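Participant: Following this message is one structure expressed as structure tokens.
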Amino acid sequence: MNVNEMIEFLAVLVILVGSIFAVISAIGIIRFPDVYTRSHAATKSSTLAVLLTLTGVFIYFWVSEQYFSVRLILGIIFVFLTSPVSGHVTTRAAYRSNVKLAEETVKDELGDAIRERKESK
């Protein structure tokens, strides 16, 4: 087994781990009780899944085909920057639209912060 085959194996392993995280994210979206926890599952683990998958593809093409893809790097950066922000904005919009928290929720920290801010004005 030469170095290129070992690096290709590493790239495939990274892609496999990314696909496992994608499945975990899908299960979290289905099983979690409210929009806030579902948003957490959709943004955190799916972002990691996409980043790992794109990184594995980048490594594979770089080693196997000697092709350095700037598009893949830009895709990785774009997903890394936009996915957490979009999840945060979606969750914040749901909260401001008075979407109910799950019954299991122990503390509403955002509500406390909003009330403190209104009181300080």
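Participant: If R96, R115, R71 are ordered by their accessible area, calculated over protein heavy atoms with a 1.4 Å probe, which sequence runs from highest to lowest?
Facilitator: Largest accessible area first, the list is R71, R96, R115.
Participant: Still on this structure, please answer the following. What translational diffusion coefficient, in µm²/s and rounded to a whole number, does the Stokes-Einstein relation yield for segment 3-68 at 10 °C and a viscosity of 1.306 mPa s, taking the hydrodynamic radius as the Kirkwood radius over Cα pairs? Please list the in-between numbers first.
Facilitator: Working: Rh = 12.5 Å.
Rounded, D is 127 µm²/s.
Participant: A follow-up question, please. Return the calculated 222 nm mean residue ellipticity for the chain, to the nearest 500 deg cm²/dmol, obtained by summing -39500 (n - 2.57) across DSSP H runs with n ≥ 4 and dividing by the residue count.
Facilitator: Details: 5 runs with 93 residues, N = 121.
Roughly -26000 deg cm²/dmol at 222 nm, from the helical runs in the chain.
Participant: Loop-only check: which chymotrypsin sites (Phe, Trp or Tyr not before Pro) in segment 37-121 are DSSP coil with at most 10 other Cβ within 10 angstrom? Before the final figure, lay out the partial values.
Facilitator: On the way: sites: F58, Y60, F61, W62, Y67, F68, F78, F80, Y95; in loops: Y67, F68.
Taking segment 37-121 and a limit of 10 other Cβ atoms within 10 Å, the loop chymotrypsin sites (Phe, Trp or Tyr not before Pro) found are F68.
Participant: With every protein chain in place, what's the accessible area of E65 (1.4 Å probe, Å², nearest 10)?
Facilitator: Spelled out: E65, probe radius 1.4 Å, area about 110 Å².
Participant: Follow-up. Treat every Asp and Glu Cβ in the chain as -1 and every Lys and Arg Cβ as +1, leave all other atoms uncharged, and give the resulting dipole magnitude about the Cα centre to the nearest 20 debye.
Facilitator: Numbers: 12 positive and 11 negative charges, 118 e Å.
Once rounded to the nearest 20, the dipole reads 560 debye.
Participant: Additional query: Once all Cα-Cα distances of the chain are split into 10 Å bins that start at 0, what whole-number percent is in each one?
Facilitator: 13, 31, 26, 16, 10, 4, 0
Participant: By how many degrees, between 0 and 90 and to the nearest 10, does the Cα long axis of helix 70-96 differ from the longest principal axis of the chain?
Facilitator: Around 10 degrees separate the two axes.
Participant: Sticking with the crude label model, points 7 Å out along Cα→Cβ, report the distance from K118 to V23 in nm, one decimal please.
Facilitator: Using points 7 Å along Cα→Cβ, the separation is 4.6 nm.
Participant: Continuing with this model, one more query. Output the 0 to 90 degree angle, nearest 10, between the alpha-carbon long axis of helix 46-64 and the longest principal axis computed from the alpha carbons of the chain.
Facilitator: Its long axis makes an angle of about 10 degrees.
Participant: If I take R0 = 41 Å and measure r between the Cβ atoms of V99 and E8 in this structure, what FRET efficiency does the formula 1/(1 + (r/R0)^6) give, to the nearest 0.05? Walk me through the numbers before you get to the answer.
Facilitator: Details: r = 46 Å, r/R0 = 1.12.
For R0 = 41 Å, the calculated efficiency reads 0.35.
Participant: Ignoring ligands, DNA and RNA, how do V106, V14, V35 rank by accessible area with a 1.4 Å probe, largest first? Write down the numbers at each step before the final one.
Facilitator: Values: V106 145, V14 30, V35 60 Å².
Largest to smallest exposure gives the sequence V106, V35, V14.
Participant: Counting only the heavy atoms of the protein chains, how much of I30 is accessible to a 1.4 Å probe, in Å² to the nearest 10?
Facilitator: 130
Participant: For K118, tell me the accessible area in Å² from a 1.4 Å probe, rounded to the nearest 10.
Facilitator: Looks like 150 Å² after rounding.
Participant: Another one. Hey, if you put +1 on the Cβ of every Lys and Arg and -1 on every Asp and Glu Cβ in segment 1-103, which of V35, A22, I73 ends up farthest toward the positive end of that dipole?
Facilitator: V35
The values are calculated or read from the model by the stated rules, or taken from the named source; none is laboratory data. As the structure is a computational prediction, the values presented were derived from the model and not from experiment. Backbone-built Cβ (ideal geometry, glycine too); neighbour counts: all protein chains shown. When the accessible area is computed, the model is the full protein with side chains, heavy atoms only, and any ligands, DNA or RNA have been set aside. Shrake-Rupley method; radii C 1.70, N 1.55, O 1.52, S 1.80 Å.
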